[in-house]
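Trainee: One structure, as structure tokens, below. Some questions next.
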Amino acid sequence: MAEMKEKGMKTGHELLNYITKAVSPYHAVKEGCNLLRQAGFQELDIQATWELQRGGAYFVRPFATTLFSFTVGQELTKQNGFHIAAAHTDHPCLHIKPDAELPKKPYERVNVEIYGGPILNTWLDRPLSAAGRIALRSDSIYEPRMILIDLGRPLFTIPNLPIHINREINRGIELKRQIDMIPIFGIDSGQEHYFLDFLASEIGVKPEEILDFDLYIYNKEQGCILGRQEEFISSPRLDNLTSCYALLKAIMTGRRQDGINLIALYDNEEVGSLTKQGANSALLNIIIEKLVASFGIDKERLNDAIFRSFLLSVDVAHALHPNHPEKYDPVNVSGMNEGVVLKINCNQKYSFDTEAIAAICQLCESADIKYKKFVNHSDIAGGGTIGSMISSWLPMKTVDLGVPLLAMHSARELMGIQDQVYLEQLLTAFFSK
């Protein structure tokens with residue numbers, strides 16, 4: 001028991017360290033690249049011809065918010081295909097609009113829109129910051145200069161109305177996105193372009209050099225380990241950085257001698273994935289085709305390998321809420337620290353393949369990894385994941401799985417610390433056997 005707790009604490013602190021740095025999809029990819037470089041992985045250019053080696057370890061960033069990494073076995077026989085695991089780098093939050101200034105004396109405010117499906121009221125009364133990318137003028141029309149930025153300190157907040165003025169607040173209030181979700185940025189300074197001027201000063205350029213920006217407001221609060229026995233992790237962005245970090249660790253430690261392991265970290269899952277950098281694109285197909293071309297594998301042999309391949313769609317699951325058990329199936333549920341959740345939906349919101357699920361059950365049992373099966377309450381639709389999207393482009397056995405959360409899509413979510421250990425163990429075993 002003491003050894004398990006020690007491993008959980010180590011894993012929890014490592015995860016929180018990654019989450020602290022991964023404040024936007026851009027930064028999630030940046031930190032992933034840093035980890036892979038430190039582990040000896042070689043970066044590739046998506047537009048170059050690849051000359052890969054058996055036994056090699058590589059990564060590539062097709063776009064700034066997507067990351068793919070793969071390892072090649074010493075043997076590539078017809079009997080083995082790809083082991084692929086995919087997750088997403090984005091999270092529900094607020095996004096700053098291009099004309100960001102919304103002055104309302106005596107305050108300066110920042111104009112935002114809602115990205116994805118956050119629980120809006122959880123973003124109120126918190127210290128907020130912003131991170132993302134800024135596009136600057138350059139000498140090449142089609143290649144603006146791009147700057148990665150994390151403002152890195154509390155700069156915004158969205159205050160609640162006090163109960164004295166809003167007497168019905170505890171009965172439940174609908175928040176209007178264009179009214180109630182506008183952050184305060186400062187006291188009125190008299191500047192017309194106060195936010196643009198601020199951005200320019202942060203990166204040391206003139207305001208007129210800024211052509212555009214893609215900035216996400218994030219919860220600046222630090223994650224922490226909590227609970228009577230330190231059995232929980234409370235943190236922003238657990239959905240889906242738990243999976244991103246577990247995939248990165250697994251690709252660095254799990255190695256098969258025969259076949260190819262690959263992880264795919266996509267953007268835009270929270271808004272449907274139908275983008276060039278999303279899971280419902282041809283990105284993975286392109287990367288796999290470039291990969292096998294380096295080893296002289298023709299189209300027919302590649303297609304054969306796809307049918308022998310296995311995909312894990314790794315995203316968070318729903319943990320049983322102790323105050324609302326009526327929202328869950330009577331028996332197909334999971335509590336926290338009970339293991340990796342295998343997510344099942346016969347309507348394919350979660351990719352459902354009973355043969356594939358049975359294989360993962362056997363993999364868990366062979367490595368003594370706890371797991372549970374989850375099915376939504378039949379009267380509640382639930383969400384979806386990227387598993388069915390990817391497997392429609394690449395027809396292979398697919399399983400949806402992940403760690404169970406409470407408060408999913410809140411500005412701060414809750415998970416069991418041991419579940420991250422089980423997830424990392426499962427993914428490492430997947431890339432090793």
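The values are calculated or read from the model by the stated rules, or taken from the named source; none is laboratory data. Quantities reported herein were computed from a predicted structural model and do not represent experimental measurements. Cβ atoms come from the backbone with ideal geometry, glycine included; neighbour counts cover every protein chain shown. SASA here: full protein model, heavy atoms, side chains in, ligands and nucleic acids out. Shrake-Rupley method; radii C 1.70, N 1.55, O 1.52, S 1.80 Å.
Trainee: Taking K and R as +1 and D and E as -1, what net charge do the other residues with C-beta under 11 Å from the C-beta of GLU202 add up to?
Mentor: Combined, the nearby Lys, Arg, Asp and Glu give -1.
Trainee: Identify all lysines with a Cα-Cα distance to LYS105 below 21 Å; exclude those on the same chain that are fewer than 8 residues away in sequence.
Mentor: LYS97, LYS176
Trainee: May I ask you to list the lysines whose Cα is less than 19 Å away from that of LYS7, ignoring any residue fewer than eight positions away on the same chain?
Mentor: Of all the lysines, those that pass the test against LYS7 - Cα under 19 Å, at least 8 places apart if same chain - are LYS249, LYS370.
Trainee: Right, here's the next one. Would you calculate a helix-derived [θ] at 222 nm for the chain, using -39,500 (n - 2.57) for each DSSP H run of n ≥ 4 and dividing by the full residue count, to the nearest 500? Could you put the intermediate results ahead of the total?
Mentor: Numbers: 9 runs with 114 residues, N = 433.
Helices in the chain give a 222 nm mean residue ellipticity of -8500 deg cm²/dmol.
Trainee: Would you mind listing how long segment 241-292 runs along its three principal axes, going by Cα atoms, in whole Å with the largest first?
Mentor: Each principal axis gives a Cα extent; for segment 241-292 these are 36, 29, 9 Å.
Trainee: Could you derive backbone 3J(HN,Hα) for segment 108-122 from the dihedral phi with the Karplus parameters 6.51, -1.76 and 1.60 (θ = phi - 60°), listing whole Hz in sequence and x where the residue is Gly or Pro?
Mentor: After applying 6.51 cos²θ - 1.76 cosθ + 1.60, I find 9, 10, 10, 6, 10, 10, 9, 9, x, x, x, 7, 4, 5, 6 Hz.
Trainee: Lys/Arg Cβ at +1, Asp/Glu Cβ at -1, dipole of the chain taken about the Cα centre: which of THR77, SER366, ILE386 is farthest positive-ward?
Mentor: Farthest towards the positive end: SER366.
Trainee: Still on this structure: Ordered by residue, what ³J(HN,Hα) values in Hz, to whole numbers, does segment 375-380 give under the Karplus form 6.51 cos²θ - 1.76 cosθ + 1.60, where θ = phi - 60° and Gly and Pro are x?
Mentor: 10, 5, 3, 5, 9, 10
Trainee: With a Förster radius of 60 Å, plug the Cβ-Cβ distance of GLU168 and THR49 into 1/(1 + (r/R0)^6) and report the FRET value to the nearest 0.05.
Mentor: In this case the efficiency is close to 0.40.
Trainee: For the chain, divide the Cα radius of gyration by the Kirkwood radius and give the resulting Rg/Rh value with two decimals. List each step's numbers first, then the result.
Mentor: Values: Rg = 22.5 Å, Rh = 22.9 Å.
With Rg and the Kirkwood Rh in hand, the quotient comes to 0.98.
Trainee: Assigning unit charges at the beta carbon (Lys, Arg +1; Asp, Glu -1) and nothing else, what dipole magnitude in debye, to the nearest 20, does segment 145-210 show about its Cα centre?
Mentor: In total the dipole reaches around 320 debye.
Trainee: Taking the Cβ of LYS349 as the center, what net charge do the other residues with Cβ under 14 Å away carry, scoring Lys and Arg +1 and Asp and Glu -1?
Mentor: Neighbour charge sum, excluding LYS349 itself: -3.
Trainee: Pick from ILE344, ILE288, ILE84: which residue has the top mean-square fluctuation in a GNM of the chain where Cα pairs under 10 Å get a spring?
Mentor: ILE288
Trainee: Between LEU128, LEU175, LEU35, where does the largest GNM mean-square fluctuation fall for the chain, given springs only between Cα atoms within less than 10 Å?
Mentor: Evaluated over the chain, the most mobile residue of the options is LEU175.
Trainee: Now for a different question. Out of all DSSP beta bridges in the chain, what portion is antiparallel? Express it as a percent rounded to 5.
Mentor: Around 65 percent of the beta bridges assigned by DSSP in the chain are antiparallel ones.
Trainee: Something else now. Calculate the translational D of segment 1-121 in whole µm² s⁻¹ from Stokes-Einstein, where the hydrodynamic radius comes from the Kirkwood formula applied to all Cα pairs, the temperature is 37 °C and the viscosity 0.692 mPa s. Write down the numbers at each step before the final one.
Mentor: Details: Rh = 18.4 Å.
Using the Kirkwood radius from Cα pairs, D works out to 179 µm²/s.
Trainee: Follow-up question, since we're still on this one. Given a 1.4 Å probe, how much area per residue of the chain is accessible, in Å²?
Mentor: Here the residues of the chain average 46 Å² of exposed surface.
Trainee: Shifting gears a bit: Can you pull out the chymotrypsin sites (Phe, Trp or Tyr not before Pro) in segment 115-207 that DSSP calls coil and that have at most 11 other Cβ atoms within 10 Å?
Mentor: TYR142
Trainee: Would you mind getting me the FRET efficiency between HIS95 and ARG228? Use the beta-carbon distance for r and R0 = 35 Å, nearest 0.05.
Mentor: About 0.40, to the nearest 0.05.
Trainee: Also, I was wondering about something else. Residue by residue through segment 381-386, what is 3J(HN,Hα) from phi via Karplus (6.51 cos²θ - 1.76 cosθ + 1.60, θ = phi - 60°)? Round to whole Hz and write x for glycine and proline.
Mentor: Those phi angles translate into 5, x, x, x, 9, 8 Hz.
Trainee: At 0.36 nm per residue, and after removing the present C-alpha to C-alpha distance, how many nm does the segment from LYS206 to MET9 gain when stretched out fully? Show your work: numbers first, answer last.
Mentor: Details: separation 197, 0.36 × 197 = 70.92 nm, distance 4.58 nm.
Separation in residues times 0.36 nm, less the Cα-Cα distance, equals 66.3 nm.
Trainee: Once you charge only the Cβ atoms, +1 for Lys and Arg and -1 for Asp and Glu, what is the size of the charge dipole of segment 162-298 about its Cα centre, to the nearest 20 debye?
Mentor: With only Lys, Arg, Asp and Glu charged at Cβ, the dipole is about 580 debye.
Trainee: Tilt of helix 2-21 relative to the longest C-alpha principal axis of the chain, in degrees (0 to 90, nearest 10)?
Mentor: For helix 2-21, the angle is close to 50 degrees.
Trainee: Determine the sum of side-chain charges near ASP315: Lys and Arg each +1, Asp and Glu each -1, restricted to other residues whose C-beta is under 12 angstrom from that of ASP315.
Mentor: That works out to -3.
Trainee: Find how many whole Å separate the alpha carbon centroid of segment 256-324 from the alpha carbon centroid of segment 40-116.
Mentor: Distance between centres, Cα-based: 13 Å.
Trainee: Near LYS78, which lysines are there with a Cα under 26 Å away, not counting those fewer than 8 places off in the same chain?
Mentor: Those lysines meeting the cut-off are LYS290, LYS299, LYS397, LYS433.
Trainee: When the chain is fully extended, how far beyond the present Cα-Cα distance does SER138 get from CYS346, taking 0.36 nm per residue of separation?
Mentor: Between SER138 and CYS346, full extension yields an extra 69.8 nm.
Trainee: Treating the beta-carbon of each Lys and Arg as +1 and of each Asp and Glu as -1, no other charges, what is the dipole magnitude of segment 9-79 about its Cα centre, to the nearest 20 debye?
Mentor: On the way: 7 positive and 6 negative charges, 30 e Å.
Dipole size: approximately 140 debye.
Trainee: Kindly express, to the nearest 10 degrees and within the range 0 to 90, the angle between helix 194-203's C-alpha long axis and the longest C-alpha principal axis of the chain.
Mentor: Its long axis makes an angle of about 50 degrees.
Trainee: For the charge dipole of segment 56-138, defined by +1 on Lys and Arg C-beta atoms and -1 on Asp and Glu C-beta atoms about the Cα centroid, which residue among PHE59, GLY117, HIS95 has the Cα displaced farthest towards the positive pole?
Mentor: About the Cα centre, the residue reaching furthest to the positive side is HIS95.
Trainee: Let me ask something else. Between the helical axis of 238-253 and the dominant principal axis of the chain, each derived from Cα atoms, what acute angle in degrees is found, rounded to the nearest 10?
Mentor: That helix lies at roughly 40 degrees to the long axis.
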